[in-house]
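Quick note: the coordinates plus some simple rules give every number you see, no bench work behind them. Since the model is a prediction, treat every value here as computed from it, not as a measurement. Cβ: placed from backbone, ideal geometry, glycine included. Neighbour counts: every protein chain shown.
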Amino acid sequence: MIEASGTVQLVGPPVIEARGLVKRFGSFTAVDGIDVRVEPGEAFGFLGPNGAGKSSTMRMIGAVSPPTVGHLRVLGSDPATHGPAIRARIGVVPQEDMLDTELSVTDNLLIYGRYFGLPVRELRPRIAGLLDFMQLADRARDRVEPLSGGMKRRLVIARALLNAPDLLLLDEPTTGLDPQARHLVWDRLYQLKQRGVTIVLTTHYMDEAEQLCDRLVVMDGGRIVAEGAPRDLVAAHATREVLELRFAPGEQGDAVGLLDGVAERVEQLPDRVLLYTTDADRTVAAVTERGVRPDQTMVRRSSLEDVFLRLTGRSLVE
Amino acid sequence: MTAAPALRVFEARARAFAPHWRTATAAAVLIPLAFLAAMGLGLGTLVDRGDADLAGGSYLAYLAPGLLAATAMQTGVGESSWPVRLGVKWQKTYLATLATPVSTGDLVLGQLLWVALRLLVVALALAAGMVAFGATGVAGAARAVAPAVLTGMAFAAPMAAWAVLMAKDTTIVAIIRFGVTPLFLFSGAFFPVSQLPRTLEALAVVTPLWHGVELTRSAALSVPPTLPAVLHVAYLAAWVLVGTLVARWAFARQLRQ
């Protein structure tokens, strides 16, 4: 499966196929008719703010929450009728850690592995290997409770890998982690992807989606508002560069009036103004020419954050 | 629902509990043994001077199997309340478990099997205490163990359902304060329910604990129970069965949303 170039080529039926998927809780519609198709070996992301329907979608894919309406196949089977068989082949990193904090790191993994019916003699070396992989080997015998958030998160990822899953589902894998811990998680997920594991994750971090995902959908209010590779989405929905202007308190409102037409698009946020442009240097000059004097000026590449702002009119992390 | 995943849930509880079973069992039997000493030996000598008809024996012998059944109720409620809330709400380990091939039915069955084992250990420890106090012989104490476990399960199964459905944790405190404690005191463990006012007596005899006390006492002392033993067993078994079915429904409803 792994070719000389190091890239992974897998062919086969889609790992996830959803059409018109709906999830309602009473009168509230969490997921409002989405179509998703994830191919083997892909790293696929659900990007969106809290309440967009990402977690509900993940729980349906994880065969723990039945869809209200719609067609759903996971690893070729219907979660409604083949839940246990599907769950045997997927690894789940839920949004909350759900660890038994009174038990040791190893016992958490051993007990979880037994739920899959894996024999203890097989689990012991597998646990040792996964703790090594997630850099937790020196904490194997320690209780979980005092571990840092990053360590707990890595333990949850190790737990999700116990059954050597074909599909790994991660619901906000790095929320609340410090940058170092996030990069370690990203690196491990990247290694798993290289080994051919299909990865599906949710995130509200732009950089996470851009780093990890081959393809993603942007969700808002239970619907998919855009779909594509991160780079393509940025190209389609944002300009190459963004000029960010910050003003002294009270001056932003007046300044915005002067900026009309200075860039392809002007977006006003509570604390700054974004100018979407193909040539930031020229735009800076144009802004100065109009007599606008911002406190701070910053030029950056546009990102998925800008895509989201464009598509929904709202900032992603509010 | 197949047996194997339920047994894995049972095994998981056993692995998690392994370091604690000595202290937990000691904690479970310490208070009933103190009751047995204070009321059976202390108060009992006064009672035995009177003319009470207590299954033809001493008050100590009368009290011991009653306490055994009542303790089984407390243990059954205890093991199916806080630990279930822990799994559902605080640590959410139940939700992690349900991401594996384990189904909600497996989870209920495995959890209740585990409670049955806990009850068995507590009942055996308490039965040994009964013998040590001279309340019954070894054979009588041994015969009392199974009825006590059945009594505990009659509470554990519906309690598991209630624990997963309740909106607030404090409901457990209310259940213990206004349910378990009055039952403990007034369901025939300490004195015959015929001593109660007529309406309270009628209430007492529909509680599973009264049936459990009757059954356990008759087994321990080899005296006939108030009703035929088969009726006591059937009544308690019905609580276990219906409780288990409601728990399966409740777990599926709450944890597979």
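What does the average come to when, for each residue of peptide A:106-119, you count the partner chain Cβ atoms lying within 10 Å of its Cβ?
Working: counts 0, 5, 3, 0, 2, 11, 6, 2, 9, 15, 5, 7, 1, 0.
For this peptide, the per-residue mean of nearby foreign Cβ atoms is 5.
Per DSSP H run of at least 4 residues, take -39500 (n - 2.57); add these up for chain B, divide by its residues and hand me the 222 nm value, nearest 500 deg cm²/dmol.
On the way: 12 runs with 183 residues, N = 257.
Using -39500 (n - 2.57) per qualifying helix, the result is -23500 deg cm²/dmol.
Quick one: putting +1 on the C-beta of Lys and Arg, -1 on the C-beta of Asp and Glu, what dipole do you get for chain B around its Cα centre, in Debye to the nearest 20? If you can, show how the numbers build up before the last one.
Values: 17 positive and 9 negative charges, 189 e Å.
Dipole about the Cα centre, nearest 20: 900 debye.
All Cα-Cα separations within the range A:16-227 were binned at 10 Å from zero, giving a P(r) of 8, 35, 36, 18, 2, each value a whole percent of the pairs.
Among beta bridges identified by DSSP and lying wholly in the protein assembly as shown, the antiparallel ones come to about 65 percent. Per residue of B:90-96, other chain Cβ atoms within 10 Å of the residue Cβ number 6 on average.
How large is the convex hull of the Cα atoms of the range A:239-302 per residue, expressed in Å³ as a whole number? It would help to have the intermediate numbers written out before the result.
Working: hull volume 4.5 nm³, N = 64.
Once divided by residue count, the hull of the range A:239-302 is 70 Å³.
Taking K and R as +1 and D and E as -1, what net charge do the other residues with C-beta under 12 Å from the C-beta of B:Gly188 add up to? Display every interim value, and only then the final one.
Numbers: positive: B:Arg217; negative: B:Glu201, B:Glu214.
Around B:Gly188, the surrounding residues sum to -1.
Inter-chain Cβ neighbour count for B:12-19, averaged per residue, equals 3 (cutoff 10 Å, partner chain atoms only).
Note on B:Lys92: lysines with a C-alpha under 16 Å away, same-chain residues under 8 apart excluded, are A:Lys152, B:Lys168. Listed values for the range A:120-130 are Karplus-derived 3J(HN,Hα) couplings in whole Hz (6.51 cos²θ - 1.76 cosθ + 1.60, θ = phi - 60°), namely 4, 5, 7, 6, 3, x, 5, 5, 4, x, 5, and x replaces Gly and Pro. Can you give the angle from 0 to 90° between the axis of helix B:229-255 and the longest principal axis of chain B, with both taken from C-alpha atoms, to the nearest 10? Relative to chain B, helix B:229-255 is tipped by roughly 20 degrees.
Highest mean packing comes first when the peptides B:201-208, A:58-65 are listed by Cβ atoms within 10 Å, giving A:58-65, B:201-208.
Report the charge-dipole magnitude of the protein assembly as shown in Debye, nearest 20, computed about the Cα centre from +1 at each Lys and Arg Cβ and -1 at each Asp and Glu Cβ.
Numbers: 55 positive and 53 negative charges, 345 e Å.
Dipole size: approximately 1660 debye.
Amide H to amide H, with H built 1.01 Å from N, A:Leu170 comes under 5 Å of A:Val93, A:Val200, A:Leu201, A:Thr202, counting only residues 5 or more places away or on other chains. Dipole check for chain A: with +1 at the C-beta of Lys and Arg, -1 at the C-beta of Asp and Glu, and the Cα centre as origin, the magnitude is about 1080 Debye. Helical runs assigned H by DSSP (4 residues or longer) give chain A a calculated mean residue ellipticity at 222 nm of -10500 deg cm²/dmol, each run adding -39500 (n - 2.57) before division by the residue total.
Summing Lys, Arg as +1 and Asp, Glu as -1, what charge do residues with Cβ under 13 Å from the Cβ of B:Leu54 carry, B:Leu54 excluded? Provide the component values of the computation, followed by the final result.
Values: positive: B:Arg49, B:Arg217; negative: B:Asp48, B:Asp51, B:Asp53.
Value of the local net charge: -1.
Convex hull of alpha carbon positions in the protein assembly as shown: directionally averaged projected area 34.1 nm². Find out how many positive minus negative residues lie around A:Ile16, taking Lys and Arg as positive, Asp and Glu as negative, among other residues whose Cβ is under 10 Å from that of A:Ile16. Net local charge, A:Ile16 excluded: -1. Where both bridge residues fall in the range A:16-227, DSSP classifies roughly 50% of the beta bridges as antiparallel.
Across the range A:74-83, rounded Karplus estimates of 3J(HN,Hα) from the backbone phi angles (6.51 cos²θ - 1.76 cosθ + 1.60, θ = phi - 60°) give 10, 6, x, 10, 8, x, 5, 10, 10, x Hz, Gly and Pro being marked x. Think of the protein assembly as shown as a dipole: +1 on every Lys or Arg Cβ, -1 on every Asp or Glu Cβ, centred on the Cα centre; then among B:Ala116, A:Ser55, B:Leu67, B:Leu67 lies furthest on the positive end. Here is the P(r) of the range B:3-255: all C-alpha pair distances, binned every 10 Å from 0, give 8, 31, 34, 19, 7, 1, 0 in whole percents.
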